[in-house]
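Worksheet for the structure shown next.
The values are calculated or read from the model by the stated rules, or taken from the named source; none is laboratory data. Source: prediction; values computed, not measured. Using ideal geometry, Cβ is built from the backbone for each residue, glycine included, and neighbour counts are taken over all protein chains shown. For accessibility, only protein heavy atoms count, side chains too; no ligands or nucleic acids. Shrake-Rupley method; radii C 1.70, N 1.55, O 1.52, S 1.80 Å.
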Amino acid sequence: MVRVSNVITGSVAEELGILPGTELLTVNGRELADFLDWEFLTADDELVIEAREPGGDPVVYEIERPEGEALGVELEPPSVRRCANRCEFCFIEGLPKGLRKPLYVRDDDYRLSFAYGNFATLSNLKDRDIARVLEYRLSPLYVSVHATPWEARKVLLNNPRVPNIVDQLTRLAAGGIQFHTQMVIVPGLNDGDVLEQSLADLWALGDAVLSVAVVPVGLTQFSHLYTGQSMAPQMCGQLLDHLERWASRARAERGDSWVFGSDELYLLAGRALPGPEHYGDFVQIENGVGAVTALRARVREGLASLPRLDGRRIGIVTGVSMQPLMPELLAWLTEQTGARFELIVMENSMFGATTTTAGLLVGADIRRALAGRADLDLALIPAETINDDGVFLDDERFIALREALPMPVYPSYDFIDALMPEGAAGSRGAHAA
Ligand code: SF4
């Protein structure tokens, strides 16, 4: 059963009298277990839907839908499948206590992998799930592989019952499913020979494996499972060399780089990030692969649209890892706008100094950075620090923070969004100039 949360005005569903709270039970005789069933079983144009009205009365809707028209039903969010692992490097294990509850949910859900690109380990996949993936052709899936050698993977995931990932991927690939994969590298556990074997196994799956992202383990001051080595610059450099051998083979044989080190790996190694041609379609940008290169490209492309902001003083708040990359971007922005940009680099007060990503800064860090800075005309903060409800990871609300600070503050993904004439900050700047 799936429950309706909202009905779109003017839709087929509204015409039928479907209401929020209606329970949808079957479509053409097949039971509905979740949003995937609803999406795929309602693809037909002739539908018989058995349902229960909010008051409990049974009802049957017979629908002949005009071709291509959506039914106009939104469903309540699915209950997420919990993860059965206890990975050495789990970010959630590295969270401090006392944050809001949803942050501690360890999801491992192939449905969300297909629908939203969330990475899943597939370790809780049952035979009936595999049948579903194949029937609905849920492709591509985003899979946390970490290691293909079975014993190494059991250790990494801290789960002796984890299935053999090569068998799983092979079975799914035979049914036409493709994968974007990732490996979080934990020194001593899945670098060296395990990494080589894993890349060889994934390569052997041919076109089914669309990409491999290799990400260094990220530890916070609260991480308590893995207590081994962190990623030293030399180790990151060796890892990148290893990946480059596979990437050049991939470029020669299949025309794309196939395996990508994450941006963080390059930053830790102190190496220049590759240009856009390395990343092709930036297929793992959400995973921090090519995000900096894409940011550079967006800033370059957007410069011409910026207004003059001569003499204005603009603070740019960021995390430690972005510090070496920012002077170049800020020099471009200065030349184009005439504004004076000041880089304000913050350590993360919640996760500790080892967590250097700008997107994980919390409200308290930004408050600390900007309180008392009445000399700034404007401040930009990383937009990734705020969720869709306008709340930072530490529960600080953006609106409250903004009201407490002495200058206008705008979240920004790439500076251009906030500084361009139709951007909020840009229009202020242009008017004030
Ligand atoms: S699969 Fe591992 S990293 Fe992901 S939520 Fe579970 S324990 Fe954490």
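At a glance:
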item	result
Residues satisfying the stated conditions in region 130-153, i.e. under 25 Å from Phe89 (Cβ atoms) and part of a helix (DSSP H, G or I)	Trp150, Glu151, Ala152, Arg153
Number of positions in region 145-156 that are buried (at least 21 other Cβ atoms within 10 Å of the Cβ) and either in contact with a Phe, Trp or Tyr (Cβ under 7 Å, 6 or more places away or on another chain) or at pLDDT 95 or above (or both)	5
Search result, residues across region 49-95 that are open to solvent by 50 Å² or more (accessible area, probe 1.4 Å), within 21 Å of Gly29 (Cα to Cα) and of a type in the set (Val, Ile, Thr)	Val60
Residues that are under 20 Å from Asp127 (Cα atoms) and more than 11 Å from the ligand (Cβ to nearest atom), drawn from region 155-166	Pro160, Arg161, Pro163, Asn164, Ile165, Val166
Members of region 96-105 that are surrounded by fewer than 10 Cβ atoms within 10 Å (Cβ to Cβ) and either more than 16 Å from the ligand (Cβ to nearest atom) or in a strand (DSSP E or B) (or both)	Lys97, Gly98
In region 120-141, the residues that are within 12 Å of the ligand (Cβ to nearest atom) and buried (at least 22 other Cβ atoms within 10 Å of the Cβ)	Thr121, Leu122
Qualifying residue in region 227-244 (condition: on the phi > 0 side of the Ramachandran plot and in contact with a helix residue (DSSP H, G or I) (Cβ under 9 Å, 6 or more places away or on another chain))	no
Selection within region 226-281 - buried (at least 20 other Cβ atoms within 10 Å of the Cβ), among the polar types (S, T, N, Q) and free of Cβ contacts under 8 Å to residues at least 24 places away in the same chain	Ser257
Output for region 270-287, where each listed residue is in a helix (DSSP H, G or I) and within 28 Å of Ala204 (Cβ to Cβ)	Glu277, His278, Tyr279, Ile285, Glu286, Asn287
All positions within region 171-198 that are open to solvent by 40 Å² or more (accessible area, probe 1.4 Å) and either touching a residue at least 60 places away in the same chain (Cβ under 8 Å) or part of a strand (DSSP E or B) (or both)	Leu189
Matching entry among Gly270, Gly288, Gly315 (being in contact with a strand residue (DSSP E or B) (Cβ under 9 Å, 6 or more places away or on another chain), at pLDDT below 95 and small (Gly, Ala, Ser))	Gly288
Residue count, region 24-36 (criterion: surrounded by 13 or more Cβ atoms within 10 Å (Cβ to Cβ) and within 11 Å of Ile49 (Cβ to Cβ))	5
Region 288-333, subset in a loop (DSSP other than H, G, I, E, B) and not small (Gly, Ala, Ser), residue farthest from Thr181 (Cα to Cα)	Asp310
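Conditions (1) modelled with pLDDT under 95; (2) open to solvent by 20 Å² or more (accessible area, probe 1.4 Å); (3) of a type in the set (Phe, Trp, Tyr); (4) over 22 Å from Gly288 (Cβ atoms), marked per residue:
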residue: Glu342; (1), (2), (3), (4): no, yes, no, yes
residue: Ala358; (1), (2), (3), (4): yes, no, no, no
residue: Ile366; (1), (2), (3), (4): no, no, no, no
residue: Ala404; (1), (2), (3), (4): no, yes, no, yes
residue: Pro421; (1), (2), (3), (4): yes, yes, no, yes
residue: Ala433; (1), (2), (3), (4): yes, yes, no, yes
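To keep it simple, each residue is scored yes or no on (1) within 22 Å of Glu135 (Cβ to Cβ); (2) at pLDDT below 95; (3) touching a Pro at 6+ places or on another chain (Cβ under 6 Å).
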position: Arg3; (1), (2), (3): no, no, no
position: Leu32; (1), (2), (3): yes, no, no
position: Glu53; (1), (2), (3): no, no, no
position: Pro58; (1), (2), (3): no, no, no
position: Glu64; (1), (2), (3): no, yes, no
position: Leu71; (1), (2), (3): yes, yes, no
position: Arg106; (1), (2), (3): no, yes, no
